Amino acid sequence: MQETLPGTNKSKLVVAKEILKLRNELLPDLGFNAGLYVYTRPFRAIYGVQPYDRVRFREAIDQLPDEAKGGTDLRKGLSELRTIIE
């Protein structure tokens, strides 16, 4: 995620955060739950699953790291989410 996205001078991580922010602004509040988690080590909640709130979710996106660091074990991250989704 720290690699530069071709055609830009931005890392893949920075672009992913920009996309999340844009989608957050366009997503209608339909009374659903949302969550935002970092699955790199250590796995942690940024916005634990709860009723979606556009402003608070935007603040959560801003808390995501700006630089990619550490290992990413998608399998382990998905395993951690299993208990949350249940």
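The values are calculated or read from the model by the stated rules, or taken from the named source; none is laboratory data. Bear in mind the structure is a predicted one, so any value in this text is a computation, not a measurement. Quick reminder, even Gly has a Cβ in these numbers, built from the backbone with ideal geometry, and neighbours come from all protein chains shown. The area values use the complete protein model at the heavy-atom level, side chains included, leaving out ligands, DNA and RNA. Shrake-Rupley method; radii C 1.70, N 1.55, O 1.52, S 1.80 Å.
Overview of results
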{"item": "Mean residue ellipticity (222 nm) of the chain, computed from DSSP H runs ≥ 4 via -39,500 (n - 2.57), nearest 500", "result": "-13500 deg cm²/dmol"}
{"item": "In Å², nearest 10: area of LYS10 left accessible to a 1.4 Å probe", "result": "80"}
{"item": "Loop sites in the stretch 1-36: GluC sites (Glu not before Pro), DSSP, at most 10 other Cβ within 10 Å", "result": "GLU3"}
{"item": "Pairs from LYS17/LYS76; LYS17/LYS69; LYS21/LYS76 whose Cα-Cα separation, in the structure shown, is over 19 Å", "result": "LYS17/LYS76; LYS21/LYS76"}
{"item": "Exposure rank, largest accessible area first [VAL15, VAL49; 1.4 Å]", "result": "VAL49, VAL15"}
{"item": "Restricting the stretch 14-86 to chymotrypsin sites (Phe, Trp or Tyr not before Pro) in coil, as DSSP defines it, with at most 13 other Cβ within 10 Å", "result": "PHE32"}
{"item": "Cα gyration tensor shape of the stretch 39-80, rounded if a/c is under 1.5, else prolate or oblate by comparing a/b with b/c", "result": "oblate"}
{"item": "Positive-end residue of ALA60, LEU36, THR72, charge dipole of the chain with Cβ unit charges", "result": "THR72"}
{"item": "Pairwise label distance in nanometres, GLU3 with ASP29, each label 7 Å out on the Cα-Cβ vector", "result": "3.9"}
{"item": "Most to least accessible of SER11, SER79 (protein chains only, probe 1.4 Å)", "result": "SER79, SER11"}
